[in-house]
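The values are calculated or read from the model by the stated rules, or taken from the named source; none is laboratory data. These numbers come from a predicted model, not from an experiment. Neighbour counts are summed over all protein chains in view; Cβ atoms, including those assigned to glycine, are modelled from backbone coordinates with ideal geometry.
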């Protein structure tokens, strides 16, 4: 879960335990925070969402964590090193930029941005703050997707004649190969 770069961040150098907050604590964020808690080396100190999600996350993952309804209150805390963002997609960029600007490292899953302008704001925020921003694409590490990528790059499929896609899957039909 925690990459070498994340562990080498300024947060890690300051303390032996990274203090983490979850912003948007629905099912996916609860899964990520739960995995983080199992790995160790981090302490979940805050959860932020609407009721009943924040209470559920605190109860399941970190009974001693404080609950918040407004993510900006979490970012005001000086004792939090990093945030995991599990909010709805349209909040991702705003929350990331805000977190980076107050000195937090950030983990968030797709989408990275909705357009070029948003992506540019993220690049500027990371460059200016020198904080860690890690964007997760959980499927990219699965063996089947790595194999598919290798096959596509090898040219073995032949000429692509049809591509069908949905929000979660892409099916490619080829001729030959």
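Restricting to region 29-49, name every residue that is in a loop (DSSP other than H, G, I, E, B) and modelled with pLDDT under 95. Don't jump to the end; show me each part of the working.
Taking region 29-49 as the starting set, the residues that turn out to be in a loop (DSSP other than H, G, I, E, B) are 40-41, 49.
Once the filter is applied, which keeps residues that are in a loop (DSSP other than H, G, I, E, B) and modelled with pLDDT under 95, region 29-49 yields 40, 41.
Tally the residues that are surrounded by fewer than 20 Cβ atoms within 10 Å (Cβ to Cβ) and either under 22 Å from residue 92 (Cα atoms) or touching a strand residue (DSSP E or B) at 6+ places or on another chain (Cβ under 7 Å) (or both), restricting the search to region 37-52. Spell out the reasoning first.
The first filter runs over region 37-52 and keeps only residues surrounded by fewer than 20 Cβ atoms within 10 Å (Cβ to Cβ), leaving 37-41, 43, 50-52.
Right, trim to either under 22 Å from residue 92 (Cα atoms) or touching a strand residue (DSSP E or B) at 6+ places or on another chain (Cβ under 7 Å) (or both) and you get 37, 41, 43, 50-52.
Going through region 37-52 one residue at a time, the tally reaches 6.
Has region 79-90 got at least one residue that is over 17 Å from the mean Cα position of the chain (by Cα) and either under 18 Å from residue 134 (Cβ atoms) or at pLDDT 95 or above (or both)?
Of the residues in region 79-90, the ones over 17 Å from the mean Cα position of the chain (by Cα) are 79.
Filter again for either under 18 Å from residue 134 (Cβ atoms) or at pLDDT 95 or above (or both), leaving 79.
The answer is yes, given that some residue of region 79-90 is over 17 Å from the mean Cα position of the chain (by Cα) and either under 18 Å from residue 134 (Cβ atoms) or at pLDDT 95 or above (or both).
So, in region 13-28, of the ones that are at pLDDT 95 or above and outside any loop (DSSP other than H, G, I, E, B), which residue ends up nearest to residue 111 (Cα to Cα)?
23
Taking residue 55 as meeting all but one of (1) part of a helix (DSSP H, G or I); (2) surrounded by 15 or more Cβ atoms within 10 Å (Cβ to Cβ), write down the number of the exception.
Condition not satisfied by residue 55: (2).
With the checklist (1) assigned by TED's automatic domain parsing to the domain that holds residue 37; (2) touching a helix residue (DSSP H, G or I) at 6+ places or on another chain (Cβ under 9 Å); (3) under 26 Å from residue 38 (Cβ atoms) in hand, flag the one item residue 63 doesn't pass.
Result: residue 63 passes all but (2).
Of these, 160, 102, 83, which one is touching a strand residue (DSSP E or B) at 6+ places or on another chain (Cβ under 9 Å) and assigned by TED's automatic domain parsing to the domain that holds residue 36? Give the steps one after another, and end with the answer.
Working: 160 fails: assigned by TED's automatic domain parsing to the domain that holds residue 36; 102 fails: touching a strand residue (DSSP E or B) at 6+ places or on another chain (Cβ under 9 Å).
Only one candidate passes the filter, namely 83.
Hey, does region 121-131 have a residue that's crowded, with 16+ Cβ neighbours inside 10 Å and touching a residue at least 60 places away in the same chain (Cβ under 8 Å)?
Scanning region 121-131, I find at least one residue that is crowded, with 16+ Cβ neighbours inside 10 Å and touching a residue at least 60 places away in the same chain (Cβ under 8 Å), so the answer is yes.
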